[in-house]
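The values are calculated or read from the model by the stated rules, or taken from the named source; none is laboratory data. Please read all numbers here as calculations on a predicted model, not as lab measurements. Here the Cβ is made from the backbone with ideal geometry for all residues, glycine too, and neighbour counts use every protein chain on show. Just so you know, the surface numbers come from the protein's heavy atoms only, side chains and all, with ligands and any DNA or RNA stripped out. Shrake-Rupley method; radii C 1.70, N 1.55, O 1.52, S 1.80 Å.
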Amino acid sequence: MTKKSRIKLIVIAAIVVVALIIILRLVFGSKGSGVTMEYQTEKVAPATISTTVTATGTIEPVNEVEVGTQVSGIISKVYVDYNSVVKKGQVIAELDRTNLESELASAKANLASAASDLKYQKVNLAREKDLHKKGYVSDDEYDNALLSYSKALETYNTQKQTVNRAETNLGYATITSPIDGIVLTKSIEEGQTVASSFSTPTLFTIARDLTNMRVIADVDEADIGDVRAGQKVTFTVDAYPDDTFNGTVTQVRQEGTEESNVVTYEVVISAPNPDLKLKPKLTANVSIYTKEINNVLSVPSKALHFTPTKQTINKGEKIVDCQGDKKLWVKEKNVLKAYPVKTGITNGIRTEILSGVKQGTAVITGSKAITPGDDLQSDDSSDSERSPFAPGPRGNKNKKSK
């Protein structure tokens, strides 16, 4: 055999040996030399467990009024601006009165004419009635006098209503605030013409009290069944990312809205705003606490998913299992023992323990394989679960193969 062939054979043999070592470490590593299992544990302890429904919504004033005008005309005066604080009955704008005063004067003149005619027809009817009794006038003449009086009375009443309407329209020329509040929007300027022929134009929007706001949140149909009035709510807004605001569900509206095949329901949430940070139309990211239980025994939910096997325990350790759908594992010296438990509410992170283990019991939440050279100072190693069959972190290799 040539020297070159011998070298080639030695290389192949070395590769086979290394491969066998790797396979043996992967399969029997937990029991092999230098490989141990490390168990992460946490004690059963009281905690607050809550479940939430998340949604997005819009901040709105509790009471918002659109102020318009019922008569057409030119805006002659505007007394308020954006953010002006107003009182109920305060004059906030005026329309030009020229045409309205002219209409009122004309209506009053027509009323006076109708009153005079009514007075004459009343006297004439009385005279015709007296003469008719004495037989000096015919029935036809008396009926004509009665008809003329009736028409004069109707004309007078009509003109009276016209005067009342003209006075009312003149009153509409003075626009006042219907509530105490703050002006959110102003849609007019002095000299602008407004027309109310088909619909009432909006001149101002006034919010009653910005220290008491509300959130209108759109909750998905899959979650709406858990939402009730009176539930606690927290929410954030992008304008103040470091602040968390509190509220309460005040109303769950029955009508659903469908958009892009997604059905949502409006939920009204109170939002106290004493420092006036919350502004109308801000987007709120809402968490509705559908369930919340304080001071209940609980464990991390991942502890209920831990199950040891012969390949994932240390040499000399034993597994003592039990019957039950849900169980927790406890390490007692060299024994990993399972305890059947009954669970209650869970939020996916922690789960309530109703019975099966006592407070203070250290239950196993996970495990990992430790090999020589592993960095035991890793910050995230204590919370991670890793299969012992996977090779651990590699140590520094400073030796060169010869």
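Kindly establish whether L304 is touching a residue at least 24 places away in the same chain (Cβ under 8 Å) and open to solvent by less than 60 Å² (accessible area, probe 1.4 Å).
yes
Can you find, within the range 42-61, the residue that is nearest to V219 (Cα to Cα) among those that are of a type in the set (V, I, T) and buried (at least 17 other Cβ atoms within 10 Å of the Cβ)? Please lay out each step first, then the result.
Our first condition is that a residue be of a type in the set (V, I, T); within the range 42-61, this holds for 44, 48-49, 51-54, 56, 58-59.
Restricting the remaining residues to those that are buried (at least 17 other Cβ atoms within 10 Å of the Cβ) gives 44, 49, 52-53, 59.
Details: V44: 35, I49: 22, T52: 12, V53: 8, I59: 15 Å.
Once the filter is applied, the top-ranked residue is V53.
Can you name the residue in the range 70-113 that is closer than 15 Å to R165 by Cβ and touching a Phe, Trp or Tyr at 6+ places or on another chain (Cβ under 6 Å) and is also surrounded by the fewest Cβ atoms within 10 Å (Cβ to Cβ) among such residues?
Filtering first and then ranking leaves Q70.
Would you check if there is a residue in the range 255-264 being within 16 Å of V62 (Cα to Cα) and either in a strand (DSSP E or B) or open to solvent by less than 50 Å² (accessible area, probe 1.4 Å) (or both)? First the steps, then the outcome.
Keep residues of the range 255-264 that are within 16 Å of V62 (Cα to Cα), which gives none.
No, the range 255-264 contains no residue that is within 16 Å of V62 (Cα to Cα) and either in a strand (DSSP E or B) or open to solvent by less than 50 Å² (accessible area, probe 1.4 Å) (or both).
Having 1 or more residues that are more than 30 Å from T98 (Cβ to Cβ) and under 59 Å from the mean Cα position of the chain (by Cα) is the bar; report the strands (runs of 3 or more DSSP E) wholly within the range 117-218 that clear it. Even if it seems obvious, please write down each step before you answer.
Working: elements: 174-176, 181-186, 202-207.
Counting at least 1 such residues, we get 181-186, 202-207.
Return the total of residues in the range 329-356 being closer than 28 Å to Y289 by Cα, open to solvent by less than 30 Å² (accessible area, probe 1.4 Å) and aliphatic (A, V, I, L, M).
Going through the range 329-356 one residue at a time, the tally reaches 3.
Residue by residue through the range 303-342, note down the ones that are part of a strand (DSSP E or B) and under 15 Å from T365 (Cβ atoms). Explain how you work it out, then say what you get.
Taking the range 303-342 as the starting set, the residues that turn out to be part of a strand (DSSP E or B) are 318-320, 327-332, 335-340, 342.
Correct list: K327, L328, W329, V330, K331, L336, A338, Y339.
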